[in-house]
Amino acid sequence: MLASRWLGHPRFLLAFRLLAALCASVPLLFLVSGIAVQSLGPDPGQEVTESLGLAAFQLLIATLCMTPLKRWTGWVGWIRIRRMLGLFAFFYATLHVLAFLQFILGWTDLWATFTKRPYIVMGALSFLMMIPLALTSTKGMMRRLGKNWKQLHKLVYPTVFVAWVHFIWQARSDVGEMVFYGLVILVLLAVRWKRAGSRQMIPFVRG
Ligand code: HEM
């Protein structure tokens, strides 16, 4: 009883949000410190690009975990950080694309760049799908779009799947990590399927 009052306390929820924001910032802090002390290895540009892509992907998956966690624990704190995690995922994905252009393929002839390899097409597709999700993640957009908002935000499932295809396609050797993420996505999709039609399953919504 005491614990549940404490868990629902606004100050505790705020502290949890701040902690989540701090955790989501860790990949960026690592990269910035790595650049500062020049510890990113022989190809820093590649390292920066890969780390940002991984952070975007992991945060996208974390975003999708929030609703099941809320349902299983009954604690509203998970929902309070969902939109923030989704926006962090978009932030990292944007930096990932910019790093790719800056360090790997350059800014000339963007069409040729993005269609150069199938895994890059997948990355670009996933990124394009993230844009409307991020742009419509505000409460104002939720109100404005009404029922269509719910439909639109189902896009997060193909988005994470296509990002996973991009991830596994670019792998050169050990795909164990990718298979693990694939299984996590499969479980999340199965949970979503079971609860199809429920408003609570929509990602990026603040409860
Ligand atoms: C226009 C969009 C994108 C482009 C051009 C792009 C490009 C790249 C490139 C060049 C790599 C490195 C491949 C290598 O090691 O040779 C990479 C890796 C990766 N990307 Fe993307 N990407 C895009 C979008 C995305 C998005 C939207 C996500 C996730 C939401 C993502 C997640 C990843 C992941 C997880 C990796 C592997 C990182 C690792 O090896 O640890 N990418 N991407």
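Observations on the structure shown:
- From the list Met201, Met178, the lone residue that is over 22 Å from Val97 (Cβ atoms) and modelled with pLDDT under 95 is Met201.
- Test for Leu135: is it of a type in the set (A, V, I, L, M, F, W, C) and either exposed (fewer than 14 other Cβ atoms within 10 Å of the Cβ) or more than 26 Å from His96 (Cβ to Cβ) (or both): yes
- Meets criteria (of a type in the set (A, V, I, L, M), in contact with a Ser or Thr (Cβ under 7 Å, 6 or more places away or on another chain), touching a residue at least 24 places away in the same chain (Cβ under 8 Å) and near the ligand (Cβ under 9 Å from one of its atoms)) for Ala89: yes
- Region 95-117 - residue that is in a helix (DSSP H, G or I) and free of Cβ contacts under 8 Å to residues at least 24 places away in the same chain and, of those, nearest to the ligand (Cβ to nearest atom): Phe114
- All of (1) within 12 Å of the ligand (Cβ to nearest atom); (2) assigned to a helix (DSSP H, G or I) hold for Pro132 with one exception: (1).
- Scanning region 51-76 for residues that are away from the ligand (no atom under 16 Å from the Cβ), assigned to a helix (DSSP H, G or I) and either at positive phi or surrounded by fewer than 21 Cβ atoms within 10 Å (Cβ to Cβ) (or both) gives Pro68, Leu69, Lys70, Arg71, Trp72, Thr73.
- Ser33 satisfies every condition listed in (1) surrounded by fewer than 19 Cβ atoms within 10 Å (Cβ to Cβ); (2) within 15 Å of the ligand (Cβ to nearest atom); (3) among the polar types (S, T, N, Q) except (2).
- Single condition Trp193 does not satisfy, out of (1) more than 21 Å from Glu50 (Cα to Cα); (2) of a type in the set (A, V, I, L, M, F, W, C); (3) in contact (Cβ under 8 Å) with a residue 40 or more places away in the chain: (3)
- Any hit, region 148-160, residues being out of contact with any Asp or Glu (no Cβ under 8 Å at 6 or more places or on another chain), of a type outside the set (D, E, K, R) and closer than 17 Å to Glu50 by Cα: yes
- Looking only at residues of region 36-50 that are surrounded by 12 or more Cβ atoms within 10 Å (Cβ to Cβ) and of a type outside the set (Val, Ile, Thr), we find that the one that is farthest from the chain's Cα centre (by Cα) is Asp43.
The values are calculated or read from the model by the stated rules, or taken from the named source; none is laboratory data. Bear in mind that the values here come from a model prediction, so they are computed numbers and not experimental data. Neighbour counts run over all protein chains shown; Cβ positions are idealised from the backbone, glycine included.
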